Amino acid sequence: MYTFKALAFIRIATLIAATLIPFAALSQLQPAPLIVEGTKILFVGNDNVGSDGGLNNHIRRSLAAASAPLRIEADWIGMYDKPSLEDMFTDSLLRRIETGSDDLLVVTSGSSDAMLRFAALAKTHKRKIIFFQAWAKNPLVDSGGMKGFRDRSLEEARRMKALEREHGLRIVPVGLIYYDLIVDPVRFWTLREDYLFTPGSSVQNDLGILVNVAAIYAAANRQSPVGLPSWDPFPSELVRAMQERVWRISREWDAGIVNLKPIPDKYAEPLWTPLVQNADSILFIGNSYIGSEGGLDNHLSRMSQQMNPPLRLNVKSIIHWGQGLGRMYNDSVLKEIATGGKQLVVVTSGPNELLLKFAEAISKAGSKMMVHMTWATNPTLNENDLIAYRERSQRLAEQMKAFETTTGIAVAPCGLVFYDLLIDPPAVEGGLRLDWMYMEANIHQNHIGTMINAATHYAVMTGRSPVGLPIWDPWPPKLVREVQERAWKIVKEWKAGHILIKDAPKAATP
């Protein structure tokens, strides 16, 4: 049995332990800040440090203007001509480290050997050191594109994390942060896709420096950078969103997480050989199923140039209002085809024997051909008979698939996409009328129907997802996205040889 005194001692010891252990754990998670009042920082790097006014100047001014000001000194020895970290072991820098009064070295990343050599040098001269991870090249100017950007970012992040674990280095995961912000940009309407870089370059701009300041502060002090002021008058909501992202990724990094987001569909490699390239010319031959609502050709060319990669198309159309395919096979059309200079000729669907005649003329002119598959008649014109609508849609799809399989000529299955979206419409507040992609009680496509066609054509022509194509009328963004996602799904199934057509209900209401 414990005596009263023994029990009292145990209680006191337990209370002390309960108080001390969390503080001990906290001290491990929260090491002493490296940047405090009066800290002298020396930056070692090339244009990743010196460009756009100098990272040293930006961080000094930002911290001095913070709500809890930190007045520091920050210097940089210009090394624009030093491409690698090995090249930066200059006599003047070594002399500065040996004899100077700098408290903290912020050194750009490089080869593992060079980084370890800098770490040993700092230890010898009792300087604290953190390594500022450089980012992969701007994916919009680098030949590797977004895939190369991801591959290099992942490889470098893993190497940096291994150095951190094996040698106790402190790494600022800037490259990882740049990747995350580029593939999943913060929501702000004016941002271009490489918004952290000087256009046409892999050098950071002022937004990139804002990220660098936040990342260095987070890594050096293990504190949130949210609220640090910017040297430039950027909108406060943009600055905060970027700093919040930096803080999230910094904490994940400290927890040992290296997990890069996948490349969005718009950056992915084409799933099939594209029919068109940037600056190609396209001739559209059709009737009101192409020409109505401002013209599919005009919409597609405007929309595609805002995608990534941009696709700028030179388009022309010959529209035979109210006419079938037979009337389109005439001397003036054949003459236009024969003049050449068109990388792609899009012909509206019709009897296969007529399409074959067009194919012969187009091939002779040295152009490729694609077929614009139209759709079954609006079911509201036939007592809402969705069974008949399905049967007509299926017959048309089977005819076009047979033509595509026999000839190798690509078909844009717009009719299948129309059917799928009518039979299984997206959920929209207030609901959609039955024939919502048609002009009301009409056989023709309306504006959203034209957008459906544009998404389907874009997918077939490029092998890329149409999600993200802009739209000119104020349809709900959620609806637009689902339309584009559905078009992409059906096109992928079509290219795989499948006719994706759901069962129709026996009855419907408008």
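Any read-out appearing in this document is the output of simple, stated calculations on the displayed coordinates, not a laboratory observation. Small disclaimer: the values here were computed from a predicted structure and weren't measured. Note that each Cβ is placed from the backbone with ideal geometry, even for glycine, and that neighbours are counted across all protein chains shown.
Check the straight Cα-Cα distances from residue 502 and name the aspartates and glutamates below 16 Å, setting aside those fewer than 8 residues away within the same chain.
385, 391, 398, 420, 424, 493
Please report the antiparallel percentage of DSSP beta bridges with both residues in the chain, rounded to the nearest 5. Can you show the working numbers first?
Details: 2 of 35 bridges.
Roughly 5 percent of the beta bridges in the chain run antiparallel, per DSSP.
Could you give the size of the charge dipole of segment 32-263 about its Cα centre, using +1 on the Cβ of each K and R and -1 on the Cβ of each D and E, expressed in debye and rounded to the nearest 20?
Working: 29 positive and 29 negative charges, 121 e Å.
Taking the Cα centre of segment 32-263 as origin, the dipole is about 580 debye.
I want the local charge near residue 40. Using Cβ-Cβ distances under 9 Å, sum +1 for each Lys or Arg and -1 for each Asp or Glu among the other residues.
Overall, the nearby charge balance is -4.
Indicate the helices, whole DSSP H runs only, in the chain that combine a mean Kyte-Doolittle hydropathy of -0.5 or more with a Cα extent along their long axis of 24 angstrom or more. Numbers along the way, then the final one.
Details: long enough: 4-29 (38 Å, 1.63); 145-167 (33 Å, -1.51); 236-254 (27 Å, -0.97); 386-407 (31 Å, -0.77); 477-495 (27 Å, -1.02).
Correct list, ordered by number: 4-29.
When the chain is fully extended, how far beyond the present Cα-Cα distance does residue 305 get from residue 123, taking 0.36 nm per residue of separation?
This chain segment gains 60.2 nm when fully extended.
Across every pair of different alpha-carbon atoms, what Kirkwood hydrodynamic radius in Å does segment 127-184 reach?
Final number for the Kirkwood radius of segment 127-184 is 11.9 Å.
Report the relative contact order of segment 281-495, percent, no decimals, based on alpha-carbon pairs under 8 angstrom and at least 6 residues apart.
Normalised by residue count, the contact order of segment 281-495 is 20 percent.
Taking R0 as 45 Å, what's the FRET efficiency between residue 244 and residue 499 from their Cβ-Cβ distance, rounded to 0.05?
0.45
Taking a threshold of 22 Å on the Cα-Cα distance, which of the pairs 335/495; 335/364; 357/489; 316/368; 357/492; 82/137 fall above it?
The answer is 335/495; 357/489; 357/492.
I'd like the distance between the alpha-carbon centres of segment 50-114 and segment 248-265, rounded to an integer number of Å.
If we compute the Cα centre of each part, the gap is 26 Å.
Listed highest first by mean packing, meaning other Cβ atoms within 10 Å per residue, what order do 198-206, 105-113 come in?
Final packing ranking: 105-113, 198-206.
What spacing in nm lies between the two simple spin-label points modelled at residue 257 and residue 67, each 7 Å away from Cα in the Cβ direction?
2.5
When a footprinting reagent is the concern and you count Cβ atoms within 10 Å, what order do 363, 67, 250 take, fewest first?
67, 363, 250
If I model a spin label as a point 7 Å beyond the Cα along the Cα-Cβ vector, how far apart are those points for residue 37 and residue 335 in nm?
Using points 7 Å along Cα→Cβ, the separation is 8.7 nm.
Please arrange 149, 89 by how many other C-beta atoms lie within 10 Å of their C-beta, fewest to most.
Sorted ascending by nearby Cβ count, the order is 89, 149.
Can you tell me which of 46-54, 91-99, 173-181, 130-138 comes out highest on packing, and rank the rest after it, using the mean Cβ neighbours within 10 Å?
Descending mean neighbour count gives 173-181, 130-138, 46-54, 91-99.
Ranked from highest to lowest mean number of other Cβ atoms within 10 Å per residue, what is the order of the peptides 281-290, 156-165?
Result, highest mean first: 281-290, 156-165.
Taking the Cα centre of the chain as origin, work out the dipole magnitude from +1 charges on Lys and Arg Cβ and -1 charges on Asp and Glu Cβ, in debye rounded to 20.
1060
What Kirkwood hydrodynamic radius do you get for the chain when you take the inverse of the mean 1/r over all pairs of distinct Cα atoms, in Å?
It works out to 27.2 Å.
Between segment 166-199 and segment 343-378, what is the C-alpha centre distance in whole Å?
Cα centroid of segment 166-199 versus Cα centroid of segment 343-378: 45 Å apart.
Along the Cα→Cβ direction, 7 angstrom out, place labels at residue 223 and residue 236. What is the inter-label distance in nm?
Roughly 2.1 nm, to one decimal.
What number in nm² do you get for segment 81-131 if you take the convex hull of its Cα atoms and divide its surface by four?
Value for segment 81-131: 3.3 nm².
Indicate, rounded to the nearest 5 percent, the antiparallel portion of the DSSP beta bridges found entirely in segment 281-495.
In segment 281-495, DSSP labels about 5 percent of beta bridges as antiparallel.
Expressed in nm², what is the orientationally averaged projection area of the convex hull enclosing the Cα positions of segment 32-263?
11.7
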